[in-house]
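Since the structure comes first, as structure tokens, the remarks are kept for the end.
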Amino acid sequence: MMTLEKLTKRFGATVAVDGLDVEIRPGRVTGFLGPNGAGKSTTMRMILDLDRPTSGRALLDGRSYSAYEWPLRHVGALLEAGAVHPGRTGRNHLLAMARSNAIPVRRVDEVLELAGLGGSARKRAGAYSMGMRQRLGIAGALLGDPPVVVLDEPVNGLDPDGVRWIRGLMRGLAAEGRTVFVSSHLLSEMQVTADHLIVIGRGRLLADAPLAEIVAGHASLEDAYYQLTDGSVLS
Ligand SMILES: Nc1ncnc2c1ncn2[C@@H]1O[C@H](COP(=O)(O)OP(=O)(O)OP(=O)(O)O)[C@@H](O)[C@H]1O
């Protein structure tokens, strides 16, 4: 369970996130939608203590990210898939992460296999394709077998097999009772993956409801989304 309590972030005159008050529950995939610049990445960064809120707070089962001794065992995240030292092999990248959170080495090999990187584990990450870097980021998110998973645009750069894989993976994680929080601009993908949606625009909450409720009365999620975010798109 994740709780955002009046979560707010200002960058100078820009209010990137404006008083978000939501609960993200376990056992379902919660999609996080909003136009460019709506504040999705900033919200996710605050959940992971990478950005400090101006006011309010983000809690993971009642505690902030940095209150956990081994945070990767509690929340796994894919934020910027490019954020890997290019000279390190994929396996060494994960080994360093595992070591810092007292995660056994065998788990590194497990998640590499799970992410379809078993054959490329000993290649330098700098030589990975975008899709492979994305898979490495997802492997990292799963490393600590965490009850909470936060994924920013996980489908980016994945081939059709990869898209199907990540869809099944997110559904599976939710079915295991985990909290899955995923941002995406791919509405058709969200329509088949998410159970629940949180939609923001200009940092503010526009909707927090089951997917079926948001889509009801519209031809598609895309139609419902345009109606919800009308007026929130940056000009
Ligand atoms: N480090 C920063 N310094 C100044 N402004 C920032 C910073 N990070 C984000 N912003 C601003 O905060 C707002 C929200 O940005 P954010 O990246 O969170 O949006 P987003 O919903 O993730 O957008 P996108 O869909 O384009 O990735 C934008 O106006 C952005 O310009």
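The values are calculated or read from the model by the stated rules, or taken from the named source; none is laboratory data. A quick note: this is a predicted structure, and the numbers were derived from the prediction, not measured. Note: ideal-geometry Cβ built from the backbone for every residue, glycine included; neighbour counts use all protein chains shown. Only protein heavy atoms, including side chains, enter the accessible area calculation; ligands, DNA and RNA are left aside. Shrake-Rupley method; radii C 1.70, N 1.55, O 1.52, S 1.80 Å.
Of the residues contained in region 220-231, one or more are found to be away from the ligand (no atom under 16 Å from the Cβ), out of contact with any Cys (no Cβ under 6 Å at 6 or more places or on another chain), of a type in the set (A, V, I, L, M, F, W, C) and not in a strand (DSSP E or B).
Condition check ((1) in contact with a strand residue (DSSP E or B) (Cβ under 9 Å, 6 or more places away or on another chain); (2) in contact (Cβ under 8 Å) with a residue 12 or more places away in the chain; (3) not in a helix (DSSP H, G or I)) across all residues:
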residue: Leu136; (1), (2), (3): no, yes, no
residue: Ala139; (1), (2), (3): no, yes, no
residue: Asp145; (1), (2), (3): yes, yes, yes
residue: Asn156; (1), (2), (3): no, yes, yes
residue: Arg167; (1), (2), (3): no, yes, no
residue: Leu173; (1), (2), (3): yes, yes, no
residue: Gly177; (1), (2), (3): no, yes, yes
residue: Val192; (1), (2), (3): no, yes, no
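For region 115-127, the criterion of being assigned to a helix (DSSP H, G or I), open to solvent by 50 Å² or more (accessible area, probe 1.4 Å) and not assigned by TED's automatic domain parsing to the domain that holds Thr179 is satisfied by at least one residue. Considered as a group, the residues in region 13-41 that are open to solvent by 20 Å² or more (accessible area, probe 1.4 Å) and near the ligand (Cβ under 6 Å from one of its atoms) include one that is nearest to Arg57 (Cα to Cα), and that residue is Ser41.
Total residues in region 169-218 satisfying the condition of being hydroxyl-bearing (Ser, Thr, Tyr) and surrounded by fewer than 16 Cβ atoms within 10 Å (Cβ to Cβ): the figure is 1. Considering only residues that are open to solvent by 60 Å² or more (accessible area, probe 1.4 Å) and more than 15 Å from the ligand (Cβ to nearest atom), which ones fall in region 50-69? Of everything in region 50-69, those that are open to solvent by 60 Å² or more (accessible area, probe 1.4 Å) and more than 15 Å from the ligand (Cβ to nearest atom) turn out to be Arg57, Asp61, Arg63, Ser66, Glu69. Going through (1) within 15 Å of the ligand (Cβ to nearest atom); (2) open to solvent by 60 Å² or more (accessible area, probe 1.4 Å); (3) in contact (Cβ under 8 Å) with a residue 60 or more places away in the chain one by one, Arg45 falls short only on (3).
Mind checking which residues of region 1-12 are modelled with pLDDT of 95 or more and away from the ligand (no atom under 14 Å from the Cβ)? Let's see the steps before the verdict.
Initially, region 1-12 is screened for residues modelled with pLDDT of 95 or more, giving 2-12.
Across region 1-12, the qualifying residues are Met2, Thr3, Glu5, Lys6.
No other residue among Leu136, Leu169, Leu173, Leu158 is under 17 Å from the mean Cα position of the chain (by Cα) and in the same structural domain as Ala98 (by TED's automatic domain parsing) apart from Leu136.
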